[in-house]
Every structure is written in structure tokens, then in C-alpha cells.
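What follows is one structure encoded as C-alpha cells, with my remarks underneath.
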Amino acid sequence: MCPDPGNASAIQGSLERGRNQGLFGHATLRWFTTGGRAQTWKTGCAELFDVASLTKPLVTTLLVLQDCSRGIYSLDTAIGDLLPAAHGKPVGSVTLEALLRHRSGLPAWKPWYASATSTDALVRAVAAEVPETPAPTRYSDAGFILLGALASRERPLAQRLATELAPLAGLAADQYAWAQSAGASRHVAPSGFCAWRQRMLRGDVHDANAAVLGEIAGHAGLFATAEAVEALCRLWLVPPATARLSPSLREQALSVPNDGRPLGWDRVGPGPSQAGANAPAGAVGHLGFTGTSVWLDPATGRGIILLTNRTVAPGDGAAFRRWRAALHDQIWSIWS
């Protein structure tokens, strides 16, 4: 269903309050259904946003699972058998499934960019990390840096996005970009001042590790409009053959396990969730550090996309999280 005028006005009001509270400078909210209905709310003039970790499920996971579907490798394959930088290292025995489910034991994040002078050097630094054993379920950029290096062995991720995913999703060229091509257009939401680069970031990826990786990485680097995010999300919700995925891999990616995470995605809870207290238990989604998020309900074919640039604002991070959860609850309650 689409919101009635009263609900639509209330949603716009929520966006405006978030901006007025200093939680972000620009925001776009979009919801959609696989039946074709969609509606967008905006505050600020930005169109393209640094979607940060939404790159993980929307690009990297999709490409890795497409490669698995084609038989190039499988979820059981060890990363060291495929990626030279990981061969012979402790991380080399970690499977692709463990990386996708954040069960690798690798650290969540480190400033590898501070000492790495090239893409290869940063990938080697990540591959040299010793996984914790037994491996906990711990969200890890490191795992997706390795998956991105794997997915780009033959062609860069930007090229694979443009030639493999964009045609499937029906993306127009002006709906997405990698940071290197985003530029400093006023239509790109700035993402804050970077002390390492000593400049305000606008069209430069916020994550510094991704910046060293040519701003094209498995864990971050995609710039997109809300419409582009929707188009990539729809590849997960359409019949698997359309997205060039095997049915079993698509089911694993969109099914919430009893514990841990789906393949490449996150789940609602346990405990308080940015998806909101009213989110369906079977929803999958992901957050991006810059203030972006997407939540999908595969059972009903509905999706909620929120793009903001919270990292440019001096607002309280906890206040932003409360605001975002309440906004999602507002939408789920309309859909209930």
C-alpha cells in the first residue's frame, strides 16, 4: 500500500525534524514493493550518496554469489585457494561462506590505510591478520575487503558493476558511481571532514581503507541514488534466474538463520534494531556508516531505503540511531 496524504506528510515531517536537529544535512527516504509501487521523500538537494557498507550486499555479495552460481568457486572454497595474498596465511583456510556470514574471526576494522601505500599492500595487510579462534560472529570489514579482492581478480568491481549488474538492474549511468567518478557535484552529499586527507569529502569515499583501495572496494565505495539502491535490491527479490543466482544461494542469502547472519546481509535483532521494533522477523537488511540503510521483507516484497549523510553533521550518533529506528517503525506501522 502507499501512504495516505496524512501519513505522507508525517513521514516528510520526520525527515525535516532529523535535519533540523542536526542529525544530517541531506536525506532521501524511499519505499517500494515488487509490485512496482514506490514513493520518495527528500530533504536537501543531494541525489547521490556514499552508501558505505551497503556496497557489501548490493555489489560484492551479489557478484560473489553469481560466481558461485556459475561454478567458478563455491561457498566451501577457502579464500587462500583463490586469493594469492591469503595463500599460506592463517586466514587462508577461512571459507567464503564464513566471510560472507561474518564468521571469519577477522577484526571488525583497523586503519590499514595508515601504512599501506597501494591496493596490493592493503590487501596483503588484511590477509596477514590472524583470525580469532574459535571464530565469533563479528561484523568485519576485513572479510569483505578480501571478498572484494576475490571478485575483482579478473576485472575491477567498478567494471563488473557497469557491465554485469547495471544492465540486469536497469540502472542508468547517472544513478550510480564509484567514488572516483562521483566528482564534487552539488548533487553528491558531502560526508564530512577527513583528518587523514585534510579535506571535506564530497565525491570521495568516506572510508579511508576504501580510498587506498582505489575507492573501489568490497566493503565500501558505491555512490548511488535511492532509485539505484532500489534497483539493486530488486535483483534480490526477483526470481533467482533473473539475477543469475542459484535458487539455493538466493534462499540462503534471504533466509534469517537461528543464529548469526544471512549471506552478506544482516538480520533484525536480537535486541533493539535500527530496523525498528515493528520490523518483520524475517526481514534482512544492512546499515552504512555514513547514515544509510536498507531493509527488505522478502515475504511481502517490500523494501525501505534511507540515505543520509549523518557523518557531515555534528549531531549525536545515539540520537540519530533513535531517530532512524523510529522512522522505520513509522513506516512498518503503515504497512501492518
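Nothing in this text is a laboratory measurement; each read-out follows from the coordinates by a stated rule. Everything numeric here is computed off the predicted structure, so don't read it as measured data. So basically every Cβ, Gly included, is an ideal-geometry build from the backbone, and we count neighbours across all protein chains shown.
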query: Evaluated at 25 °C with a viscosity of 0.890 mPa s, what Stokes-Einstein diffusion coefficient in µm²/s does segment 72-151 have when Rh comes from the Kirkwood expression over alpha-carbon pairs?
result: 200 µm²/s
message: Placing +1 on the Cβ of each Lys and Arg and -1 on the Cβ of each Asp and Glu in segment 233-336, which of A318, A275, L249 has its Cα farthest towards the positive end of the resulting dipole?
response: L249
message: Give the lysines whose C-alpha is closer than 30 Å to that of K42, dropping any in the same chain fewer than 8 places away, or say none.
response: K56
query: Given charges of +1 on the Cβ of Lys and Arg and -1 on the Cβ of Asp and Glu, with all other atoms neutral, how large is the dipole of segment 72-151 about its Cα centre, in debye to the nearest 20?
result: 160 debye
task: Pairs of Cα atoms under 8 Å, at least six residues apart: use those to get the relative contact order of the chain, whole percent.
output: 26 percent
- request: Answer with a single label: of (1) 28; (2) 45; (3) 35, which was calculated as percent of Cα pairs over 31 Å apart from the structure in view?
  value: (1)
Simple Cβ-charge dipole of segment 110-222, Lys/Arg +1 and Asp/Glu -1, about Cα centre, in debye nearest 20: 220 debye
message: I'd like the FRET efficiency for Q198 and A318, computed as 1/(1 + (r/R0)^6) with the beta carbon distance as r and R0 of 30 Å, rounded to 0.05.
response: 0.60
query: Could you give the length gained on full extension between R70 and Q21, defined as 0.36 nm per residue of separation minus the Cα-Cα distance, in nm?
result: 12.8 nm
- request: Scan around L222 for amide H atoms under 5 Å from its own, H built in the peptide plane at 1.01 Å from N, and keep only partners 5 or more places away or cross-chain.
  value: V51, A52, T55
query: Residue by residue, what Karplus-based ³J(HN,Hα) values in Hz, rounded to whole numbers, does segment 78-86 have, using 6.51, -1.76 and 1.60 with θ = phi - 60° and x for Gly and Pro?
result: 7, 4, x, 7, 10, 10, x, 4, 9
- prompt: Points 7 angstrom from Cα along the Cβ direction at Q159 and C45: gap in nanometres?
  reply: 3.7 nm
statement: The size of the Cβ-based charge dipole (Lys, Arg +1; Asp, Glu -1) of the chain about the Cα centre, to the nearest 20 debye, is 360 debye
message: Name the residue from L100, A149, P136 whose Cα lies farthest towards the positive end of the charge dipole of segment 72-151, charges +1 on Cβ of Lys and Arg and -1 on Cβ of Asp and Glu.
response: P136
statement: For T292, the residues 5 or more places away or on another chain with a placed amide H closer than 5 Å to its own amide H are T308
statement: With x for Gly and Pro, the residue-by-residue ³J(HN,Hα) of segment 211-223, computed from phi through the Karplus equation 6.51 cos²θ - 1.76 cosθ + 1.60 at θ = phi - 60° and given in whole Hz, is 5, 5, 6, x, 6, 10, 9, x, 9, 6, x, 7, 10
- line: Y139 and W109 label points (each 7 Å along its Cα→Cβ direction) are spaced in nm at 0.9 nm
query: Short version: ³J(HN,Hα) in whole Hz for each residue of segment 279-284, in order, from phi by Karplus 6.51 cos²θ - 1.76 cosθ + 1.60 (θ = phi - 60°), x for Gly and Pro, what are they?
result: 5, x, 4, x, 6, 10
query: Given the options A162, A253, A52, which has the most mean-square fluctuation in a GNM of the chain, springs set between C-alpha atoms less than 10 angstrom apart?
result: A162
